[in-house]
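Report on the following structure.
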Amino acid sequence: MRTPIIAGNWKLNKNIEETISYLENFNPAVKNINDIEIIICPPHTSLSAARTHLDNTTIIIGSQNMYHEPKGNFTGEISASMIKELCTHVIIGHSERRNLFSETDEMVNKKVKTAIDHDLIPIICYGEKLEEKEAGLTAAIISKQVRKSLSGIRAISGNQLILAYEPVWAIGSGQSASPSETNILIRNVIRPTVSGLFGSSTSEKMRVLYGGSVNEKNIESFLTESEIDGALIGGASLKHAVFSNIIKIVEKYYNS
Ligand code: PGA
């Protein structure tokens with residue numbers, strides 16, 4: 001069985017003070033939870049404070065982004081080795097990066113390769129836009145994004161990779177994707193694409209998350225789907241009480 005993951009993506013929210021105050025409340029609330037991987041992705045300026053406050057916990061820290069170059073004249077960017085000092089995971093290719101900051105599949109691929117070279121675990125995001133969904137292109141778009149993101153990588157094991165299906169129209173909209181359609185997409189498109197590249201052992205071990213308007217009310221409907229291994233959560237991760245409650249719902253589900 002794959003260990004479930006609940007990841008919080010804070011996006012452009014929370015300064016250092018707010019990060020510390022959140023974690024001081026959040027840590028005790030989830031401290032006895034060992035069978036779920038909890039990942040928090042604060043803004044870069046809060047990574048160090050998060051590291052200090054999470055040092056004696058099992059909570060994992062992820063970066064929301066990174067650049068593929070190791071150093072040089074790239075104003076405003078942050079490298080894999082800089083991230084590596086503070087965290088083990090990195091979100092790559094979030095649809096906000098792709099759509100608001102013009103990240104292409106090629107850029108995503110470079111970042112994924114760089115992350116893997118640095119033993120960082122990439123959480124690679126894929127998603128179709130509303131018009132693509134309406135045109136019946138979801139499977140084609142997702143399979144292309146998955147193939148391109150992983151192109152040129154020779155071999156990888158399932159625990160070095162986390163994928164997230166996050167339809168663009170579901171992010172922050174209050175309208176989540178259908179759990180059963182998501183399950184079918186992961187089973188028929190995402191895992192087979194990865195299996196074609198790296199073999200079935202990798203594709204079966206790799207965790208695939210769903211993201212897009214996940215909250216306390218709908219989380220369980222995603223967990224009941226066998227291919228969905230957890231969630232990447234934006235808005236509902238910003239309040240510590242809401243996020244810890246989601247994690248408790250997940251724990252209860254898997255222990256019942
Ligand atoms: P949301 O964001 O939960 O606010 O929809 C999810 C994400 O963008 O990762």
Give the long-range amide H neighbours of GLY230: residues separated by 5 or more places, or on another chain, with amide H under 5 Å away, using H modelled in the peptide plane at 1.01 Å from N. ILE5, TYR210
Percent of accessible area on region 68-196 owned by carbon and sulfur, 1.4 Å probe? 50
Dipole of the chain [Lys/Arg +1, Asp/Glu -1 at C-beta], most positive-end residue of SER46, GLY234, GLY127: GLY127
Log10 I(q)/I(0) at q = 0.19 Å⁻¹ for region 40-80, from Debye over equal alpha-carbon scatterers, is -0.61
What value, in deg cm²/dmol to 500, does the helix sum -39500 (n - 2.57) over DSSP H runs of n ≥ 4 give at 222 nm once divided by the residues of the chain? -11500 deg cm²/dmol
Taking square-rooted eigenvalues a ≥ b ≥ c of the alpha carbon gyration tensor, is region 211-256 rounded, prolate or oblate, where a/c under 1.5 means rounded and, failing that, a/b exceeding b/c means prolate? oblate
Explain nothing, just the number: relative contact order of region 78-122, from Cα pairs under 8 Å at least 6 residues apart, as a whole percent. 54
Out of every Cα-Cα pair in region 18-58, what percent are more than 16 Å apart? 29
Inter-part distance where region 181-256 and region 136-172 are each reduced to a Cα centre, Å: 14
Could you order GLU17, GLU128, GLU227 so the one with the most accessible surface comes first? Probe is 1.4 Å. GLU17, GLU227, GLU128
Pairwise Cα inverse-distance average, inverted: Kirkwood Rh of region 114-155 (Å): 11.8
Considering only protein heavy atoms, what per residue accessible area in square angstrom results for region 28-178 with a 1.4 angstrom probe? 47
Could you work out the mean projected area of the convex hull around the alpha carbons of region 55-183, in square nanometres to one decimal? 9.4
Over region 98-256, what lengths in whole Å, largest first, do the semi-axes of the equivalent ellipsoid take, defined as the square roots of 5 times the eigenvalues of the alpha-carbon gyration tensor? 24, 18, 16
Using Cα centres only, tell me the gap between region 84-101 and region 1-58 in whole Å. 16
Could you sort 49-56, 71-78 so that the peptide with the highest average Cβ count within 10 Å comes first and the rest follow in order? 49-56, 71-78
What percent of all Cα-Cα pairs in region 165-245 falls into each 10 Å bin, going from 0 up to the bin containing the maximum distance? 19, 47, 26, 8, 0
Using r as the Cβ-Cβ distance of TYR253 and ASN25, and R0 as 25 Å, what FRET efficiency do you calculate, to the nearest 0.05? 0.60
Please build a GNM for the chain, connecting alpha carbons under 10 Å apart, and tell me which residue among SER95, SER157, SER143 fluctuates the most. SER157
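The values are calculated or read from the model by the stated rules, or taken from the named source; none is laboratory data. Predicted model only: the values in this text are computed from it and were never measured. All Cβ positions, glycine included, derive from the backbone under ideal geometry; neighbour counts span all protein chains shown. Ligands, DNA and RNA are excluded from the accessible area calculation, which covers all protein heavy atoms including side chains. Shrake-Rupley method; radii C 1.70, N 1.55, O 1.52, S 1.80 Å.
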